[in-house]
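**Q** First the structure, which I've put down as structure tokens, then a few questions once you've had a look.
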Amino acid sequence: MVLVSGNKLLQKAKKGCYAVGAFNTNNLEITKAVIAAAVETNSPVFLQLSSGALKYGGFELAGLALAFARKVPVPVAVHLDHGLSFELARECINFGFSSVMIDGSSLPFAKNIAVTKKVVAIAHKRNVAVEAELGQLKGREDEVFSARHTYTDPSAAAKFVKLTNVDSLAVAIGTSHGAYKFKGAPKIDLQRLKEIGKLVDVPLVLHGASSVNHSLVAAANRYGARLSSAQGVPEPQIKKAVKLGVCKVNEDTDLRIAFTGAVRKFLKENPSAYDPREVLSPATEAMKAVVMRRIRVLGSENRA
Ligand code: G3H
Ligand code: 13P
Ligand code: ZN
């Protein structure tokens, strides 16, 4: 189909009570894996690039994502993940992204509102969707580090959405980025999500939503990885969050584990291989399987 506005995907998901997966890309293989999974499941997807990804691959990497999005038969939104400044969001909008996140979550409330409003003003003229964040996930969010969770306050969220006219809102309900999300039993604050959903009517976004599947971790560890206490958000909790109004679910870490696990395995089993295409093909397949599984968990299969 075509590159579509993030809003189109989110509004359709909200009506249909499912969520669209948002997968971070940093290279050709990840991009190919996400797109192949979306095509095979006939699902919409967000293909997203963080500022770290743009530093690593330049706007050429974004160009690759846009080129795929424009040629495949399913709707794809190309999205800026954790945009940390108005200038970067503007650059991405000008480059052709169909969705941007302006992440002012580390700023005081009034400043977060101000920068989000500025991005909304330029984005909406170009039919580009804007995601903002209120509350902070513990750990690293791109270049920002927070030592603890600051959960999203439901009434502040309602006020924020009203004042900014933002299209979707990322909420902090106990998830975090990376492979080590919980020390004890994994648990996200679904009650808080419910309260937010009662007061906020835009689609909600869940960051830090990798499930860090035990079998993927075990497979990587078998070939030399050391990820023993890694823990993610269990899939049943993701499903509950979708029922409570989450329409976009971000996943990056699971693809990273699948990628490096498959590379480790291939190199161990094929010590004489040296063609990167051979080395990276099983990794692409492994990531494609992760994305297909996530699409099914979110209920976006056959929603293209
Ligand atoms: O925000 C978290 C995503 O996993 C992106 O990570 O900043 O290392 O590209 P990154
Ligand atoms: P994970 O680290 O759980 O994959 O989260 C990714 C994310 O939220 C990207 O914005
Ligand atoms: Zn995130």
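No value in this document is a laboratory result; all are computed from the given coordinates. Everything quoted here is computed from the prediction, not taken from an experiment. FYI the Cβ positions are ideal-geometry reconstructions off the backbone, even for glycines, and counts take in every protein chain you see.
**Q** Going 7 Å from the Cα of residue 235 along its beta-carbon direction, which residues of the range 280-304 have the amide nitrogen within less than 20 Å of the resulting point?
**A** What the label zone holds, given the 20 Å backbone N cut-off, is 284-304.
**Q** May I pose another question? What are the semi-axes of the equivalent ellipsoid for the range 244-304, taken as the square roots of 5 times the Cα gyration tensor eigenvalues, largest first, in whole Å? Can you show the working numbers first?
**A** Numbers: eigenvalues 183, 24, 11 Å².
Those come to 30, 11, 8 Å.
**Q** Still on this structure, please answer the following. Quick one: among 232, 52, 245, which has the greatest mean-square fluctuation in a GNM of the chain with alpha-carbon springs under 10 angstrom?
**A** For the chain, modelled as a Gaussian network with Cα springs under 10 Å, the answer is 52.
**Q** Another question, if that's okay. Across 10 Å bins from the origin, how do the percents of Cα pairs in the range 119-275 run, short distances first?
**A** Here the calculated profile for the range 119-275 is 10, 34, 30, 16, 8, 2.
**Q** Taking the Cα centre of the chain as the origin, how large is its charge dipole in debye, to the nearest 20, when only Lys and Arg (+1) and Asp and Glu (-1) carry charge on their Cβ atoms?
**A** Values: 41 positive and 26 negative charges, 149 e Å.
Dipole about the Cα centre, nearest 20: 720 debye.
**Q** With angles folded into 0 to 90 degrees, how steeply does helix 109-125 sit against the dominant principal axis of the chain? Use alpha carbons for both and round to 10.
**A** 80
**Q** Compute the distribution of all C-alpha to C-alpha distances in the chain, in bins of 10 Å from 0, and list the percent of pairs in each, rounded to whole numbers.
**A** Over the chain, the share of Cα pairs per 10 Å bin runs 7, 29, 38, 21, 5, 1 percent.
**Q** To continue, here is another question. For a quick check, take a GNM of the chain with Cα springs below 10 Å and name the residue from 73, 108, 154 with the largest mean-square fluctuation.
**A** Answer for the Gaussian network model of the chain: 108.
**Q** For the range 84-203, count the residues as N, evaluate 2.2 N^0.38 Å, and divide the Cα radius of gyration by that value, please.
**A** 1.07
**Q** If you count, for each residue, the other Cβ atoms within 10 Å and average over each peptide, how do 193-205, 165-177 line up from highest to lowest?
**A** Listed from highest to lowest mean packing, they are 165-177, 193-205.
**Q** Picking from 196, 207, 217, whose Cα lies most toward the positive end of the charge dipole for the range 183-304 (charges on Cβ: Lys, Arg +1; Asp, Glu -1)?
**A** The residue sitting farthest along the positive end of the dipole is 196.
**Q** Placing +1 at every Lys and Arg Cβ and -1 at every Asp and Glu Cβ, with all other atoms neutral, what dipole size does the range 57-115 have around its Cα centre, in debye to the nearest 20?
**A** Computed about the Cα centre, the dipole is about 180 debye.
**Q** Putting +1 on Lys and Arg Cβ atoms and -1 on Asp and Glu Cβ atoms, find which of 255, 228, 43 reaches farthest to the positive end of the dipole of the chain.
**A** Selected residue: 43.
**Q** Right, something else. Once you treat every alpha carbon in the range 119-184 as an equal point and sum by Debye, what is log10 I(q)/I(0) at q = 0.12, 0.20, 0.22, 0.23 Å⁻¹?
**A** Computed log10 I(q)/I(0) values: -0.38, -0.85, -0.94, -0.98.
**Q** For q values of 0.13 Å⁻¹, compute log₁₀ I(q)/I(0) with the Debye formula on a Cα-only model of the range 95-141, without solvent.
**A** -0.31
**Q** Given springs between every Cα pair under 10 Å in a Gaussian network model of the chain, which of 98, 272, 210 has the largest fluctuation?
**A** Looking only at 98, 272, 210, the largest GNM fluctuation is found for 272.
**Q** While we're here: Expressed as a fraction of 2.2 N^0.38 Å, the rule-of-thumb size for a compact globular protein of N residues, what is the C-alpha radius of gyration of the range 47-91?
**A** On the way: Rg = 10.8 Å, N = 45, 2.2 N^0.38 = 9.3 Å.
Ratio of Rg to 2.2 N^0.38 Å for the range 47-91: 1.16.
**Q** In the structure shown, do any of 125/243; 268/288; 71/239; 14/183 have a Cα-Cα gap over 24 Å, and if so which? Intermediate results must be reported in sequence, preceding the final value.
**A** Working: 125/243 31 Å; 268/288 21 Å; 71/239 31 Å; 14/183 32 Å.
Table pairs above 24 Å Cα-Cα are 125/243; 71/239; 14/183.
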